[in-house]
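Reviewing the structure listed below.
The values are calculated or read from the model by the stated rules, or taken from the named source; none is laboratory data. Since the model is a prediction, treat every value here as computed from it, not as a measurement. Neighbour counts are summed over all protein chains in view; Cβ atoms, including those assigned to glycine, are modelled from backbone coordinates with ideal geometry.
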Ligand SMILES: C[S@@+](CC[C@H](N)C(=O)[O-])C[C@H]1O[C@@H](n2cnc3c(N)ncnc32)[C@H](O)[C@@H]1O
């Protein structure tokens, strides 16, 4: 069986690795029928690694030109919701990119979707932003659920909490991944030969060394906004911009682009074709691959068995109801009379 998927806001393909990995472990084939990213460097890296040329601005692609697909994947831009953004949410033009997802779901009606964004989305505007997103998705006929997952629980030495939103076009058993995978030691991810350019100045190193006791195992030193420095055997969430200055391996050097990619769970087979600063930005913008892979793996149980999914779920060898979510919640219509903040109308809801 082959699953066709689209990779929206594809960046450098974190979701694609996750999709392909999850499908492989379910003995399913995949075909990416459309990828999209507006950024020329991301397009270049994606093409080099996956052989596909992502289309540019998704706002310019009519749904009619998007091939049919089973699963829609989208790590939509997070600036409007994140702590580094304006906190304006949907009022910020970039926030409205979520409505591009809604438009495509409405036009193409894929069986499932997985969306990813920053944790802050959950609490943004007292939860109203997320409620609105869920309302729109449910109004489009999807059974929807969300959960915040931390990369630290999926084997990566990175404390990165992200919200995942999943949707199914019909009721089905879906269990959020709950088995915790022990964190890899940093020493397994760090490169051995580090070019000089990654080392912080003598002044910064001495200043840091005066603040933290050295450890025998490698640590990443985090400097917070108020200048306090702490050392952990993991990294805090990589970000597109700021990580470079505030995360120092053993208090002395910055992470290399390859190390940042490893912290997101990218395989070393990923070819780096952009310069250091672009690759750092891409890695910081990407998603923790094993987390997305675990979520998609669970979804594929439903995909693979269709209506028999409930039975398949019960028959799984080691079923645990811990964290299980049954996606039957469906409320709120989003139709003819409802206008999005950006004034673009989403048409009649799909009948349930
Ligand atoms: C949070 S990143 C997603 C990264 C991706 N999940 C990955 O694994 O690398 C959001 C991406 O959306 C892209 N983007 C922003 N506006 C866009 C638009 N109008 N059309 C297509 N892509 C867009 C950005 O260039 C960025 O790469």
> Would you pick out the residues in segment 52-100 that are crowded, with 17+ Cβ neighbours inside 10 Å, modelled with pLDDT under 95 and outside any loop (DSSP other than H, G, I, E, B)?
Replying inline: 89, 90, 94, 95, 96, 97, 98, 99, 100
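Do we find a residue being modelled with pLDDT under 90, within 16 Å of the ligand (Cβ to nearest atom) and not assigned by TED's automatic domain parsing to the domain that holds residue 155 anywhere in segment 272-289?
No: segment 272-289 contains no residue that is modelled with pLDDT under 90, within 16 Å of the ligand (Cβ to nearest atom) and not assigned by TED's automatic domain parsing to the domain that holds residue 155.
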>> Just to be sure I understand, how many residues within segment 19-40 are closer than 22 Å to residue 288 by Cβ and within 9 Å of the ligand (Cβ to nearest atom)?
In response: 3
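Could you grab me the full set of residues in segment 102-123 that are in a helix (DSSP H, G or I) and surrounded by 22 or more Cβ atoms within 10 Å (Cβ to Cβ)?
104, 105, 121
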> For residue 47, all conditions in the list (1) outside any helix (DSSP H, G or I); (2) surrounded by fewer than 19 Cβ atoms within 10 Å (Cβ to Cβ) hold save one; what is the number of the exception?
Replying inline: (1)
> Within segment 147-174, how many residues are assigned to a loop (DSSP other than H, G, I, E, B), surrounded by 22 or more Cβ atoms within 10 Å (Cβ to Cβ) and modelled with pLDDT under 95?
Replying inline: 1
